[in-house]
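Colleague: Mind looking over this structure? Questions follow.
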Amino acid sequence: MRIAIVGAGVSGLAAAYRLRKLGREVVIFEKSGGLGGRVNSRQHKLGYTFDVGATSLTPRGKSIEKVMLEELPTTELVKVEKPIWTHSGLRTSPGSSSKNSTPRYCYQNGIQTFANLLGDGLDVRLKTDILEIKREGTGYRVGDEYFDATILTPPIPQACQLLWSLGESRPVANVSYRSCVSVMLGYQAESETPYHALIDTEQVHPLTWLSVENAKVPGRAPAGGSAFVAQLSARFSQQNYAQPDDYFIDATVTFLKHLYGSAFASPEVAMVKKWKYSQPESLARFENVNLPGSTLLVASDGLLGGHIEDAFECGWRTAELLA
Ligand SMILES: Cc1cc2nc3c(=O)[nH]c(=O)nc-3n(C[C@H](O)[C@H](O)[C@H](O)COP(=O)(O)OP(=O)(O)OC[C@H]3O[C@@H](n4cnc5c(N)ncnc54)[C@H](O)[C@@H]3O)c2cc1C
């Protein structure tokens with residue numbers, strides 16, 4: 001049985017990883033130039049490493065825990081030691097101790113390492129944007145090749161376009177995603193924080209999440225420097241989505257300057273990434289979307305929850321259904 005998987009994010013990679021173990025032949029088609037999708041890291045030549053999408057990983061669930069901690073061992077895996085604090089404008093305070101007791105992991109050279117480890121040795125066709133899928137006999141034509149089954153793993157609105165190309169639909173109309181603009185900043189000044197991230201639990205400030213990358217994983221900035229990734233709130237991101245990058249950089253720098261002092265007025269590195277579909281706000285039910293016996297399945301965080309472990313579980317379950 002040959003199986004096509006559209007998308008090399010965690011859903012697609014988990015499905016492929018499982019199917020390969022079960023002895024199936026799998027080809028992944030990925031439109032970008034790398035693995036991981038929203039599990040994405042950037043290394044800057046000045047010595048900064050930023051996780052620009054998902055920031056850390058909690059292996060909730062037996063399958064991801066086993067794969068991550070036992071099957072894909074690497075010296076790069078780092079347990080995040082510092083907690084998450086909250087901010088309300090410029091006031092910071094310790095976060096909830098129960099939430100901070102959840103173990104969080106990351107990788108020295110970026111969280112994308114998880115995707116690269118999962119995808120190691122898989123047949124992945126990078127820079128291949130699948131615009132349509134055709135039915136052929138009992139199978140499917142994807143990217144000019146024949147497959148017996150297909151798993152779609154883009155965020156649900158994009159997966160729907162591929163379903164429509166086949167004249168198919170699934171009960172996913174209620175699934176919607178938040179947009180998020182991420183801002184990466186590198187400074188020569190050092191920040192000594194008791195937390196690795198700040199969260200705006202009241203969701204009133206434009207800056208909803210601030211990750212101090214070098215507090216999360218030591219070594220993420222050159223000696224004496226700091227690396228930050230800010231995630232701007234869904235409302236702010238949506239309302240200002242079309243603004244140029246400088247608009248988001250200025251808003252974030254202003255916040256950091258007030259929080260940490262004038263040494264943080266001028267970053268030496270400033271980059272922006274816009275996520276149209278960052279995390280789902282509402283979900284469809286996996287069981288309603290993927291019926292047993294179907295050879296066209298959907299795996300996405302839009303079915304089980306907006307986290308890496310949900311995407312992993314979803315990919316894993318589609319593999320089990322097919323197998
Ligand atoms: C800013 C941000 C912060 C987050 N923070 C966290 C966090 O801290 N912890 C956590 O657990 N989760 C977090 N998440 C969520 C987590 O990243 C996602 O839930 C998870 O990575 C989704 O994986 P996926 O494989 O379902 O989708 P994706 O990662 O979106 O993968 C889909 C893949 O399909 C490809 N694709 C799409 N269309 C096509 C096509 N037509 N042809 C070929 N390829 C295609 C895409 O390029 C992409 O690589 C965050 C996400 C964002 C954006």
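The values are calculated or read from the model by the stated rules, or taken from the named source; none is laboratory data. Just so it is clear, the structure is predicted and the values come from calculations on it, not from any experiment. Because the Cβ atoms are built from the backbone with ideal geometry, glycine has one as well, and the counts that use them run over all protein chains shown.
Colleague: Those residues that are hydroxyl-bearing (Ser, Thr, Tyr) and under 19 Å from His307 (Cα atoms), I need them from segment 19-77; list them, please.
Modeller: Once the filter is applied, which keeps residues that are hydroxyl-bearing (Ser, Thr, Tyr) and under 19 Å from His307 (Cα atoms), segment 19-77 yields Ser41, Thr55, Ser56, Thr58, Ser63.
Colleague: Suppose we filter Asp129, Asp148 for residues that are surrounded by fewer than 16 Cβ atoms within 10 Å (Cβ to Cβ), in contact with a Lys or Arg (Cβ under 7 Å, 6 or more places away or on another chain) and under 30 Å from Leu296 (Cα atoms); which single one remains?
Modeller: Every option except Asp129 fails the conditions.
Colleague: Considering (1) more than 23 Å from Tyr105 (Cα to Cα); (2) of a type in the set (A, V, I, L, M, F, W, C); (3) out of contact with any Gly (no Cβ under 8 Å at 6 or more places or on another chain); (4) in contact (Cβ under 8 Å) with a residue 60 or more places away in the chain, say which one Leu210 fails and leave the rest.
Modeller: Checking Leu210 against (1) more than 23 Å from Tyr105 (Cα to Cα); (2) of a type in the set (A, V, I, L, M, F, W, C); (3) out of contact with any Gly (no Cβ under 8 Å at 6 or more places or on another chain); (4) in contact (Cβ under 8 Å) with a residue 60 or more places away in the chain, the one that fails is (1).
Colleague: For Phe312, indicate whether it is more than 16 Å from the chain's Cα centre (by Cα), hydrophobic (A, V, I, L, M, F, W, C) and within 13 Å of the ligand (Cβ to nearest atom).
Modeller: no
Colleague: Which ones in segment 1-40 are surrounded by fewer than 24 Cβ atoms within 10 Å (Cβ to Cβ) and either over 18 Å from the mean Cα position of the chain (by Cα) or among the polar types (S, T, N, Q) (or both)?
Modeller: Met1, Arg2, Arg18, Arg20, Lys21, Leu22, Gly23, Arg24, Glu25, Val27, Ser32, Asn40
Colleague: Let me ask something additional. Limited to segment 96-112, what total is found for residues that are surrounded by fewer than 21 Cβ atoms within 10 Å (Cβ to Cβ) and either hydroxyl-bearing (Ser, Thr, Tyr) or in a loop (DSSP other than H, G, I, E, B) (or both)?
Modeller: Summing the residues that are surrounded by fewer than 21 Cβ atoms within 10 Å (Cβ to Cβ) and either hydroxyl-bearing (Ser, Thr, Tyr) or in a loop (DSSP other than H, G, I, E, B) (or both) in segment 96-112 gives 10.
Colleague: Also, quick follow-up: Identify the single condition in (1) at pLDDT 95 or above; (2) touching a helix residue (DSSP H, G or I) at 6+ places or on another chain (Cβ under 7 Å); (3) among the hydrophobic types (A, V, I, L, M, F, W, C) that Phe236 does not satisfy, given that it satisfies every other one.
Modeller: All conditions pass for Phe236, except number (2).
Here is a yes/no grid of residues against (1) in contact with a helix residue (DSSP H, G or I) (Cβ under 7 Å, 6 or more places away or on another chain); (2) more than 15 Å from the ligand (Cβ to nearest atom):
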site	(1), (2)
Ala4	no, no
Ala16	no, no
Gly53	no, no
Pro59	yes, no
Glu71	no, yes
His87	no, yes
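Colleague: When you go through (1) assigned to a loop (DSSP other than H, G, I, E, B); (2) within 15 Å of the ligand (Cβ to nearest atom); (3) not hydroxyl-bearing (Ser, Thr, Tyr) one by one for Val124, which number turns out not to apply?
Modeller: Val124 satisfies all of (1) assigned to a loop (DSSP other than H, G, I, E, B); (2) within 15 Å of the ligand (Cβ to nearest atom); (3) not hydroxyl-bearing (Ser, Thr, Tyr) except (1).
Colleague: Does Arg141 meet the test of being surrounded by fewer than 16 Cβ atoms within 10 Å (Cβ to Cβ) and assigned by TED's automatic domain parsing to the domain that holds Ser165? Walk me through how you get there before you give the answer.
Modeller: On the way: surrounded by fewer than 16 Cβ atoms within 10 Å (Cβ to Cβ): no; assigned by TED's automatic domain parsing to the domain that holds Ser165: yes.
No: the conditions fail for Arg141.
Colleague: Right, another one. Residues to consider are Lys66, Lys31; find the one that is in a helix (DSSP H, G or I) and either modelled with pLDDT of 95 or more or near the ligand (Cβ under 10 Å from one of its atoms) (or both).
Modeller: Lys66
Colleague: Turning to a different aspect of this structure: Can you list the helices (runs of 4 or more DSSP H) lying wholly within segment 229-323 that have 3 or more residues being surrounded by 22 or more Cβ atoms within 10 Å (Cβ to Cβ)?
Modeller: Qualifying helices (runs of 4 or more DSSP H): 245-260, 301-304, 308-322.
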